[in-house]
C-alpha cells in the first residue's frame, strides 16, 4: 500500500473529506480528523485511535503498526507502515479510526443538544 491507497480508502467512508493540517493531508468526518498523511515521507499513514485500539493493532501486527513517538502516541495516535500493510489491514484500520471519530462526534453532539422543556 502507499499514500494514494491510504487516501482512496480514507475517502471511501461515508462523510469523509480531505483537508490539510499544517501542510499535511488529513481526513475528516464532520470536520474532525480521523487520519493523516503527515508522515508519508517516512512511509507512514497516521491513525487517531484509542490506547486500547492502538495496543490491539500493535500487538497483532507489530511489523505494520507502531505508536507515534512522544505524547501523540501516548494518546493513541498510531503509525501504519504503508508498504507492509495489505488492503484489508489498511481498510480495517482506517475504518476503525473513522468509526471512532463518528462515535465521538455523535456523543459531542448529544452533549451540546439543548434541552426541550
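Coordinate-derived values only; no laboratory data. Worth saying up front: this structure is predicted, and the values here are computed from it rather than measured.
Worth pointing out:
- For the chain, calculated [θ]222 nm from helices alone, where every DSSP H run of n ≥ 4 adds -39500 (n - 2.57): -12500 deg cm²/dmol
- Angle in degrees between helix 51-60 and the longest Cα principal axis of the chain, rounded to the nearest 10: 30 degrees
- Diffusion coefficient, µm² s⁻¹, Stokes-Einstein with Kirkwood Rh over alpha-carbon pairs of the chain at 25 °C and 0.890 mPa s: 170 µm²/s
- On Cα atoms only, tilt of 87-112 relative to the major axis of the chain in degrees: 20 degrees
- Whole-number percent relative contact order across the chain, with pairs defined as alpha carbons under 8 Å at least 6 apart: 26 percent
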